[in-house]
1. Does residue 286 count as surrounded by fewer than 22 Cβ atoms within 10 Å (Cβ to Cβ) and not β-branched (Val, Ile, Thr)?
2. Determine, yes or no, whether residue 132 is within 13 Å of residue 52 (Cα to Cα) and assigned to a loop (DSSP other than H, G, I, E, B).
3. Residue 137 - would you say it is within 27 Å of residue 298 (Cα to Cα), at pLDDT 95 or above and in a loop (DSSP other than H, G, I, E, B)?
4. Can you tell which of 291, 350, 315 is under 30 Å from residue 258 (Cβ atoms), crowded, with 17+ Cβ neighbours inside 10 Å and more than 17 Å from the chain's Cα centre (by Cα)?
5. Among the listed residues 204, 163, which satisfies the condition of being surrounded by fewer than 24 Cβ atoms within 10 Å (Cβ to Cβ) and small (Gly, Ala, Ser)?
6. Which numbered condition trips up residue 166, out of (1) in a strand (DSSP E or B); (2) touching a helix residue (DSSP H, G or I) at 6+ places or on another chain (Cβ under 6 Å); (3) in contact (Cβ under 8 Å) with a residue 60 or more places away in the chain?
7. Of everything in the stretch 303-333, what is without any contact (Cβ under 8 Å) to a residue 60 or more places away in the chain and in contact with a Pro (Cβ under 7 Å, 6 or more places away or on another chain)? Give them in sequence order.
8. Of the residues 21, 55, only one is charged (D, E, K, R), touching a residue at least 12 places away in the same chain (Cβ under 8 Å) and in contact with a Lys or Arg (Cβ under 9 Å, 6 or more places away or on another chain); which?
Amino acid sequence: MTPPPSPPILLTPGPLTTQIETRQAMLRDWGSRDPAFIALTTELRRRLLAIAAGEATHVAVPLQGSGTFIVEAAIATLVGPGDKLLVLVNGAYGDRMVTIARRMGRAVDVLRWPEDQAVDPAPIGERLAADPAITHVALVHCETTTGILNPLAEVASVVAGAGRAFLLDAMSSFGALPIDLAATPVTAVLASSNKCLEGVPGLGFALVEAAALAAAAGHSPSLSFDLHAQWRGFETDGQWRFTPPVQVVAALVEALRLLEAEGGPAARLARYQDNFATLWSGMRRLGFQLFLPEGLQAPIIATFHLPPGLAFRPFYDALAERGFLIYPGKLTQAETFRIGCIGALDRRDFDRLLAAIAAVLAPA
């Protein structure tokens, strides 16, 4: 009998390659109102807060859906009808937050930087001083359009100093890059199950200051995206308001246990940094160039220039045939592709990838 093919290696910013234990956790069926599942949800919320040291000030509110769902829910709930949101944009996911705010009917302003430049805190303070109507500021921590890392602590300090609320899209950083809510003033951290936590897709979550969430009752124009109502449901009886993705919850709890066993976010970051170093060293030898300066590059996903004469689709297909799935570029001004460094992978996987790329590039 022919053995089944090996699953592909996902070199994307999520969905990503997961550990077998995480996938096995989805084999059980759960009753969503059963005490065992309520206990699982309680463990999920506790573990998420602990990762960011948010137990004393924040509450964890999971929500069904992708990362975009939790961003939309947070903007709808925390930015009230009379509030104004300033979005700091240097990539597609910042732009998406602007679109969400406008669709929700919220007043929104934008500060922009080029896609190859990190957000600069200085003009943020100037804009906040000039416009007292701004109540909230939103930042994408690691902008996976390019892989650029924005300066969280510096921006948070400026926003807090101006007395505004701060929303952080930590979709592709949470669980690896440092986020310490006991030391850094962030009103809400938004992330999802299927990136650095190495869970499967289908769950977003917000870590929100309890006082800010309590003050947001009635803000959301949406029934299902109302984070205040979702939180009150959990606090009342531990249950989800609407049918939860029970297997996804179970997989994420197992992934969080595995994160703890690995040594927590610092150990996971070290593995991702080693993945990136292995990838960049090999890609440089093969003649590829990073889009970003190394000092701005997070070890989450790397954007590479597409060399002249190399078309993305045939390159992608050739790597897929060898068991590696990469990501297209998302830039407007350059031909690029992206390779993720996260997931249940280590340098051996990247050595194999580099060998496959070399084989694809070799003359026939």
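1. When the stated conditions are applied, residue 286 passes them.
2. No; evaluated as a whole, the condition is false for this residue.
3. no
4. Details: 291 fails: under 30 Å from residue 258 (Cβ atoms); 315 fails: under 30 Å from residue 258 (Cβ atoms).
Every option except 350 fails the conditions.
5. Numbers: 204 fails: surrounded by fewer than 24 Cβ atoms within 10 Å (Cβ to Cβ).
The conditions single out 163.
6. Going through the list (1) in a strand (DSSP E or B); (2) touching a helix residue (DSSP H, G or I) at 6+ places or on another chain (Cβ under 6 Å); (3) in contact (Cβ under 8 Å) with a residue 60 or more places away in the chain, residue 166 breaks only (3).
7. The one that is without any contact (Cβ under 8 Å) to a residue 60 or more places away in the chain and in contact with a Pro (Cβ under 7 Å, 6 or more places away or on another chain): 312.
8. Checking each option against the conditions leaves just 21.
The values are calculated or read from the model by the stated rules, or taken from the named source; none is laboratory data. Predicted, not measured: the structure shown is a model, and the values here were computed from it. Glycine also receives a Cβ, built like all others from the backbone with ideal geometry; neighbour counts cover every protein chain displayed. Ligands, DNA and RNA are stripped out before the accessible areas are found, and what is left, the full protein with its side chains, is counted by its heavy atoms. Shrake-Rupley method; radii C 1.70, N 1.55, O 1.52, S 1.80 Å.
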